[in-house]
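So the structure is just underneath, and the comments pick up after that.
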Amino acid sequence: MQVTLTVNGRQRTDEVEPRLLLVHHLREVCGLRAANVGCDTSSCGACTVLLDGEAVKSCTILAAQVEGGQVTTLEGLAEPDGTLHPVQAAFRAEHGLQCGFCTPGMVMASVGLLAQQPSPNEQDVREALEGNLCRCTGYHNIVRAVLCASTTAGTTGGPA
Amino acid sequence: MREHDGRHDGRPGVIPTSFDYVRPTTLEGAIALLQEHGDDAKLLAGGHSLLPLMKLRLSFPAVVVDIANLEGLSSVRVEGDEVVIGALTRDRTLQTDPVLLAECPLLAHVAGLVGDPQVRARGTIGGSVAHGDPASDLPTAVLALGGTVVLTGPAGPRSVPVTDFFRSFLETALRPDEVLTEIRVPRTDGIGWGYEKFTRRANDWPIVAVAAIDGRVAMANMGQTVLRATATEQALAAGASLAEAAALADQGTTPGADMHADADYRRHLARLLTRRALETAAGT
Amino acid sequence: MSILGTRVVRREDPLFLTRGATYTDDLVQDQLVGALHVTLVRSTTAHARVVRVDASGALEAPGVVAVVTAADLADLSPLAPEVPLFHQAMLRPWLAKDVVRFVGEPIVVVLTEERYQGEDAAELVEVDLEPLPAVVGVTRAVTDEVLLFPEAGTNTVVTFGEPAPDDLFTGCEVVITQDVVNQRVAPVPLETRAASAAWGQDGRLTLWCSNQGAQMVRAQVSRWLGLDPALVQVKTPDVGGGFGAKVGADPEFALVAWLARHVGRPVRWAETRSENLTGMLHGRGQQQRITIGGSRDGDVTAYSLEVVQDAGAYPRLGAVLPSLTLLMAPAVYAIDRVHAYARSVVTTTTSTGAYRGAGRPEATAAVERAMDLFAAEIGMDAAEVRRRNLVPRFTEPHTTSSGATYDCGDYPGALDLLLHTVGYDQLRREQAARRERGDVHQLGLGVSVYVEITGAGLDGPAEDARLEVHPDGTATVLTGTSPHGQGHATAWAMLVSDELGIPLDAITVLHGDTDLMPRGGGTHASRSLQQGGVAVHQASVELVAIARQRAAELLEVAPEDLVVDKTRAGLQVAGDPSTAVTFAELAAAEPLEVDTTFSAPAATFPFGAHLAVVEVDTESGKATLQRLVALDDAGRILNPLLADGQRHGGLAQGAAQALLEEVLYDDEGNPLTSTLADYPFVSATELPSFELITMETPTPVNPLGAKGIGESGTIGSAPAVQSAVIDAVAHLGVRHIDMPTTPMRVWSALRAAEEKRS
């Protein structure tokens, strides 16, 4: 079947199997491999992308379900001129990543959080990231990064 | 049902079996597809109950009917004494809907506890209730609230009291050719409520959960379906104290054992959480 | 101003944060175009005879190119245990032939054109298994009633030491014995295992795999497949976490290489998480009996530790780790008589291996539990008992009764600074107040003091470094370490930049390619900075010396008149900028490069003290970690940003072991925690932000004064958190709760204590 969706601002139409998971569509058909597959049970969040502005787990969505939708992946987060999104910048400044495998999902989940809740406190951030697992950082610096990004972005949610 | 070996125990997979995907544009169209395919078809709304099962190949429908975008089935409105919630309303929407927060805050609160934010962005209340998992939050809250579930089939809509809806493990009153279209709960603005969800990790399914409102108590994960704590309710109605009534919460339940809790501990939690939910509801 | 010791953000991050890193399953090399996908059919029974394997159905499935069983691998000998000490009859087949010994053991390989086709085809493979009795748990295994390897005649893989003498505790006023479980956990790096293989026209194998040291992988794969190592190139893409479980090759890596040769096409494999939770080496898994003896005034005079290690079905690294547990048994304490003994046994479960700490967390957890029990018995504060028995501060090497020679340490200082910083007395007062009131939510405090051995890597204490400065002013470092999150591209660049003045962004650090670096020890055992980093530093120093000689000749001055000018990355005559030459200019005239090896003379011993504050809901048994304070001394810190990150990660894993995580099997050997929905992997909501206190006592062992820090977090925190949970309910009569201190366990302990009282 055919599916048409907009990925990082570019519309594309592809021939896909109905059972093709969105994460595999992004990685193998669209060539956007930042989103990772870390589990089998929708538990780890490494596959998190934005769908119509909301953070979702792309391993638990069929590409077919996204017909007409807008997907934003990590690769589409920075400005065209390379200016980092405040969340990206904060993750670097606060050392919120080590091996980097959970990072694309973690960043997109954080972007999704701040879009809905621009000034979370620490508890809010930890709860918002309950669906994103990390083994390397112990979450400490990830939480710091999100809190820093929220201060930087203010209420507009735009780049610093 | 399609021929399928179902070799899923210990199997490593993440990929569903092949299926045909259909996206009807009307409710009638969806119902017609269910009639045509019977057991071979499954409805897809948020997908966060169905797709995980399909990836594990515990479910392998030949036809997946995507109803997530059907018009008119996603809304929250007041109708007389009831709050009427469209089945396709997403958890995330319920969490912040101003009408629901005002008229049925228990439900709004519980919707905000389902899974994690990514799950809530996709999951629907209708999907959760239709799936009927005994460990689910929304069915628990809906059962405590009372009210009715509206099921629409070839002959039109019919209402089933929520107390009759959950029949057995993952089995509900929903017929194979029906779509759950609405959930109607009483308006409970100003009525005290409590919800206790006991987990080891915030993102987990509840080991036990209890919803209490207006003299009614419902529990998750204490049997084959979500259950009402009828002994507790009767005791309350008869004037027992909260503690006395809560001590009866596990009567008539058949809690299972797993790595998190044996039956004994679940019974203890049911009693403890019922007491706490009742205390919260009473404002004590 | 030296850059060393400052917080430098990582150079790896811009790419990781915009395009994502490139892990093994992301690779799209030309060499892998047309690669076939591997899907493994694995055993669903823990112990069984393989009666029949019929792949005919799978061969008909769409996209199937080949199906391989044990019969096709007749030219490959089964793998003997890698450690010579192990019972050598415990052979591991490449694919199960006659017997399967754990749920998850590979039996059949299906090769398909596309990934999705693999799962469809694998379902069509029929495997008939005739169950044999399962052996789950070491208690059952040691009886030898059911043998995993009849030809071995025993389930014992190896023993270390001798059982304790009967008179070890003679003269002790107080003797306490406790059985303790240091439970099996799953490492769960977010990236599962993956490997891809392609054979070139030149007969060389290129193997890409997610690993912690390409050189070790190459050596093993070559040996297993009977290949000349010169024909094998191992390349390490970005690695999504390892934690010890990705040290060395798994047989699957060699299998992938063999398959590629067998079918004449490149082959790629990426396991699912369920495969990972049953196929990747598990961590810990010790049954311990601790006995502690001493006098009522708090002097501990004897301690005994008996360990039975669960090796899993095929003995791997996990079976030798008890030797490290025994080595570190006395830990930070000056105890007259310490005795330790260990045995490793096979069970019909996943094999165990190294997991952050690898044998040392088990030692600290055991002795810390013993100290707490001793304290409770004599009615003394747990911190005070420790203080009375710590080895006093030492600056000269201190050799323990178990034969470990600690380089330097200040355990009393660490404990005192920790307690002072957290306001220990105030916390005890708050605890007392809650006890007085009989609050539902009680407070628990847990203290641990630890020392651990770092730098004891599997391939010895040496590491190579190659440094080259280019005519364009950039530099390249080749290292034998293998970072997978530790930030070596930043840290090693800092070391070079600090000596030469070349800007960080102009320094490229390469690792993980055996063609570029044929020799290397990889990254594990917290060895990288103190061996690999020192080698890089040494290379920088040596390069400066070479440059100085050349510059002296060029400028016709004495070498000793030249100083390094970091602002211009070159040398000049002191005080005379007109006589300057840059390293780049020297490199343009003649290649400017150094190959060096640093061999550490000894291991190093970081130490510290951790404190956990836990709140326990005494009605439900649920424990919440409120504070975790970690004081760590790992010698001189090169980059506090990176060091803190390592500490955080370790603290989380230690707290997770204490509170949440456990790999569980039923009595038939079926795994109960084989998905991330079931395995209670710690999430952000269960942890607080950590509080770090840093002490820096440089080690004399290497010129950087650096010890390892990667594993300390797990070693100190797990016992502190466990202790805090028990402490929260100690006043109600609870003496011991095994990790993980689940709500049900705490509740059961409270009920048992209540029954004892009445």
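The values are calculated or read from the model by the stated rules, or taken from the named source; none is laboratory data. Since the model is a prediction, treat every value here as computed from it, not as a measurement. No Cβ is skipped: glycine too gets one built from the backbone with ideal geometry, and neighbour counts run over all protein chains shown.
Descriptive notes on the structure:
- Candidates C:Thr476, C:Thr481, C:Thr508: the one that is within 25 Å of C:Arg356 (Cα to Cα) and of a type in the set (Val, Ile, Thr) is C:Thr481.
- With respect to the conditions (1) crowded, with 24+ Cβ neighbours inside 10 Å; (2) touching a residue at least 12 places away in the same chain (Cβ under 8 Å); (3) touching an Asp or Glu at 6+ places or on another chain (Cβ under 8 Å), A:Gly100 lacks only one, and its number is (2).
- Answer residue from the range C:454-478, given it is buried (at least 24 other Cβ atoms within 10 Å of the Cβ) and closer than 30 Å to C:Leu631 by Cα and is farthest from the chain's Cα centre (by Cα) among those: C:Glu463
- Subset tally (residues that are out of contact with any Pro (no Cβ under 8 Å at 6 or more places or on another chain) and within 8 Å of chain C (Cβ to nearest Cβ)) for the range A:1-19: 1
- Residues located in the range C:619-649, provided they are more than 10 Å from chain A (Cβ to nearest Cβ), touching a helix residue (DSSP H, G or I) at 6+ places or on another chain (Cβ under 6 Å) and among the charged types (D, E, K, R): C:Glu619, C:Lys622, C:Asp632
- Selection within the range C:15-29: residues that are facing chain A (nearest Cβ under 7 Å) and in contact with a strand residue (DSSP E or B) (Cβ under 6 Å, 6 or more places away or on another chain). The member of this set that is surrounded by the fewest Cβ atoms within 10 Å (Cβ to Cβ) is C:Tyr23.
Residue by residue, here is whether (1) assigned to a strand (DSSP E or B); (2) more than 7 Å from chain A (Cβ to nearest Cβ); (3) within 25 Å of the chain's Cα centre (by Cα); (4) buried (at least 21 other Cβ atoms within 10 Å of the Cβ) holds:
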residue: B:Thr17; (1), (2), (3), (4): no, yes, no, no
residue: B:Pro24; (1), (2), (3), (4): no, yes, yes, no
residue: B:Glu28; (1), (2), (3), (4): no, yes, yes, no
residue: B:Gln35; (1), (2), (3), (4): no, yes, yes, no
residue: B:Asp39; (1), (2), (3), (4): no, yes, yes, no
residue: B:Leu43; (1), (2), (3), (4): yes, yes, yes, yes
residue: B:His48; (1), (2), (3), (4): no, no, yes, yes
residue: B:Leu51; (1), (2), (3), (4): no, no, yes, yes
residue: B:Met54; (1), (2), (3), (4): no, yes, yes, yes
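- Qualifying residue in the range C:192-205 (condition: in contact with a strand residue (DSSP E or B) (Cβ under 9 Å, 6 or more places away or on another chain) and surrounded by fewer than 17 Cβ atoms within 10 Å (Cβ to Cβ)): yes
- The one condition from (1) more than 19 Å from C:Ala194 (Cβ to Cβ); (2) within 12 Å of another protein chain (Cβ to nearest Cβ); (3) surrounded by fewer than 23 Cβ atoms within 10 Å (Cβ to Cβ) that C:Val99 does not meet is (2).
- When the residues of the range C:528-584 are filtered to those that are touching a residue at least 24 places away in the same chain (Cβ under 8 Å) and hydroxyl-bearing (Ser, Thr, Tyr), the one that is surrounded by the fewest Cβ atoms within 10 Å (Cβ to Cβ) is C:Thr567.
- Residues that are in a helix (DSSP H, G or I) and either farther than 22 Å from C:Asp179 by Cβ or modelled with pLDDT under 95 (or both) occur in the range C:314-321; there is at least one.
- The set of residues from the range C:469-491 being hydroxyl-bearing (Ser, Thr, Tyr) and either under 15 Å from C:Val534 (Cβ atoms) or part of a helix (DSSP H, G or I) (or both) comprises C:Thr479, C:Thr481, C:Thr490.
- Filter result (within 24 Å of A:His95 (Cβ to Cβ) and either within 12 Å of chain A (Cβ to nearest Cβ) or modelled with pLDDT under 95 (or both)) within the range C:650-685: C:Gly650, C:Leu651, C:Ala652, C:Gln653, C:Gly654, C:Ala655, C:Ala656, C:Phe681, C:Val682, C:Ser683, C:Ala684, C:Thr685
- Any hit, the range A:75-94, residues being away from every other protein chain (no Cβ under 11 Å) and free of Cβ contacts under 8 Å to residues at least 40 places away in the same chain: yes
Let's see how each residue does on (1) at pLDDT below 95; (2) under 29 Å from C:Leu91 (Cβ atoms); (3) out of contact with any strand residue (DSSP E or B) (no Cβ under 8 Å at 6 or more places or on another chain):
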| residue | (1), (2), (3) |
| --- | --- |
| C:Thr236 | no, yes, no |
| C:Gly244 | no, yes, no |
| C:Leu259 | no, yes, no |
| C:Val267 | no, yes, no |
| C:Thr291 | no, no, no |
| C:Gly298 | no, no, yes |
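- Test: C:Gly575 is at pLDDT 95 or above, assigned by TED's automatic domain parsing to the domain that holds C:Val477 and out of contact with any Lys or Arg (no Cβ under 8 Å at 6 or more places or on another chain): no
- Residue check for C:Asp54: closer than 16 Å to C:Ala96 by Cα, of a type in the set (Asp, Glu) and surrounded by fewer than 17 Cβ atoms within 10 Å (Cβ to Cβ): yes
- Helices (runs of 4 or more DSSP H) wholly inside the range C:348-447 that include at least 3 residues being farther than 30 Å from C:Leu732 by Cβ and not aromatic (Phe, Trp, Tyr): C:411-422
- The set of residues from the range B:1-57 being modelled with pLDDT of 95 or more, basic (Lys, Arg) and under 29 Å from C:Val38 (Cβ atoms) comprises just one member, B:Lys55.
- Note on the range C:359-397: residues that are touching a Ser or Thr at 6+ places or on another chain (Cβ under 8 Å) and surrounded by fewer than 18 Cβ atoms within 10 Å (Cβ to Cβ) amount to 1.
- Tally, over the range B:205-215, of residues that are more than 17 Å from B:Glu103 (Cα to Cα) and touching a residue at least 40 places away in the same chain (Cβ under 8 Å): 6
- Filtering the range B:70-121 to residues that are over 14 Å from the mean Cα position of the chain (by Cα) and of a type in the set (Lys, Arg) leaves B:Arg77, B:Arg92.
- Qualifying position, being crowded, with 17+ Cβ neighbours inside 10 Å, touching a residue at least 60 places away in the same chain (Cβ under 8 Å) and under 30 Å from A:Thr103 (Cβ atoms), among C:Val185, C:Val158, C:Val180, C:Val138: C:Val185
- Remark: C:Ile693 falls outside the filter, which requires a residue to be crowded, with 20+ Cβ neighbours inside 10 Å and hydrophobic (A, V, I, L, M, F, W, C).
- Test: A:Leu129 is under 15 Å from the mean Cα position of the chain (by Cα), modelled with pLDDT of 95 or more and either within 14 Å of chain B (Cβ to nearest Cβ) or surrounded by fewer than 24 Cβ atoms within 10 Å (Cβ to Cβ) (or both): yes
- Residue in the range C:605-655 that is surrounded by the most Cβ atoms within 10 Å (Cβ to Cβ), counting only those that are among the basic types (Lys, Arg) and more than 22 Å from C:Val188 (Cβ to Cβ): C:Lys622
- Counted residues, the range C:399-426 - those being under 20 Å from C:Gly444 (Cβ atoms) and touching a Leu at 6+ places or on another chain (Cβ under 6 Å): 2
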